[in-house]
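Notes follow the structure.
The values are calculated or read from the model by the stated rules, or taken from the named source; none is laboratory data. What you are looking at is a predicted structure, and each value in this text was computed from that prediction instead of being measured. Cβ coordinates were reconstructed from backbone atoms using ideal geometry, including for glycine residues, and neighbour counts include every protein chain displayed.
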Amino acid sequence: MKNSALIILAIESVLIPSICIVIGYWVIQRFALHPAWWIVPVVMAIASAWVLIREVQRRLQ
């Protein structure tokens, strides 16, 4: 049970940041925003990955 939860968290730590980047790309293209707006989805992706990785580390202890 513990291993399956860790596998799910590991998958989420890849999927959620990827979804942030894809949605950010779509919004930037859809509304013709300046390329500097890329900082928003990138920061969201890094933050979500960091939180999920910390959660995995916490559960491994």
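Quick check: is even one residue across segment 39-57 touching a Cys at 6+ places or on another chain (Cβ under 7 Å), assigned to a helix (DSSP H, G or I) and of a type in the set (A, V, I, L, M, F, W, C)? Yes: segment 39-57 contains one or more residues that are touching a Cys at 6+ places or on another chain (Cβ under 7 Å), assigned to a helix (DSSP H, G or I) and of a type in the set (A, V, I, L, M, F, W, C). The residue of segment 19-50 that is modelled with the lowest pLDDT, among those that are exposed (fewer than 12 other Cβ atoms within 10 Å of the Cβ) and of a type outside the set (Phe, Trp, Tyr), is Pro35.
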